[in-house]
Amino acid sequence: MPAIPESITIRDIDTLAEMRQVEVLQKEIWGVEDLEVFPALALRPLRELGGILIGAFDAQELVGFVFGFPGIIEGETVIHSDMLAVRPEFRSLSLGFLLKLAQRQKALELGIEKITWTFDPLQSRNAHLNFAKLGVTSRRYEVNFYGETTSFLHRGSTDRLWVTWDLNSDRVKSRLSQEELAGTAPADSHKLIIINSQGSPTLNLTTGSKTLVIEILLTRAEAPVIDNWRLATREAFQFAIRAGYEVREFWRGPATAQYVLTHE
């Protein structure tokens, strides 16, 4: 992990003025219109009722934040982490990782042992943070979870993997003790997506192996190419999850990356 400048601090966001800075960052980082900004006047009561709102500050300037609110899943109280954002010029400092660690500590202090959130499965940087560094798992894929959005990041689709962070599990504790997890899928894994000679995805949906692999592109691509990959990965994830597989790993290669799913 890179050295963090002394001017950077990770702490609770407590004041309404700081919550106004959260509004500004949402627009700056995601490019959303005013109607899609989560307002400070909603953050304030949620913060008082068990919500976790933590910021990364460069001196007094907010450069990143994480926000989650309490909810109930199958009778268990969890924190659903709705937003994590860091200004681009500060992302090389692993502030996203540090904010998640602070969120985990806060949740445990509240007696909560699970945090959930969603992310775009075609975003490899987020996938690496979530699976390789934090140790989340996933058994849920949501199609167009947020519907249409004004964000320049996700126009055309808001498909999401819903992940669970089991804060006190051996898996998570082991993963947090490592700064990097490298590896490849087992040799007998079955690829649900085959990349053809034109670089396009072709589905190969069978469940003959205990381990399944779903590949995604790491390189930037034009909208039609991304759309093809979105549809292929959507069908592959839904197929595997329906068959009882769980997403557990994410490994990056030179041009593609692999989600690894296993069946107990």
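Quick notes on this one:
- Theoretical gain in end-to-end length, Asn144 to Ser174 [0.36 nm per residue, Cα-Cα removed]: 7.5 nm
- Neighbourhood net charge (11 Å Cβ-Cβ; Lys/Arg +1, Asp/Glu -1) for Asp12: +1
- If the chain linking Ala221 and Leu110 were pulled fully straight, counting 0.36 nm for each residue of separation and taking away their Cα-Cα distance, it would gain 35.7 nm.
- Cβ crowding within 10 Å averaged over residues, with 103-113, 241-251 ranked highest first: 241-251, 103-113
- Compared with the dominant Cα axis of the chain, that is its longest principal axis, helix 16-30 is turned about 30°.
- Inter-label distance, nm, simple model (7 Å from Cα along the C-beta direction), Ile8/Glu48: 3.3 nm
- Label-to-label distance for Leu205 and Ile72 is 3.6 nm, based on points extended 7 Å past Cα in the beta-carbon direction.
- At R0 = 51 Å, FRET efficiency that the Cβ-Cβ distance of Ala17 and Ser197 yields, to 0.05: 0.35
- Net charge of neighbours whose Cβ lies under 11 Å from the Cβ of Val24, counting Lys and Arg as +1 and Asp and Glu as -1: -1
- The chain - charge dipole about Cα centre, Lys and Arg +1 at Cβ, Asp and Glu -1, debye rounded to 20: 580 debye
- Over the residues of the chain, the helix contribution to mean residue ellipticity at 222 nm works out to -8000 deg cm²/dmol, using -39500 (n - 2.57) for each DSSP H run of at least 4.
- Listed values [x] 66, 54, 27; [y] 45, 41, 39; [z] 54, 39, 39, entry calculated as Cα extents along the principal axes in Å: [z]
Values in this text are rule-based calculations from the coordinates and carry no lab data. These figures come from a predicted structure and were not determined experimentally. Please note: Cβ atoms are built from the backbone with ideal geometry, for glycine as well, and neighbour counts cover all protein chains shown.
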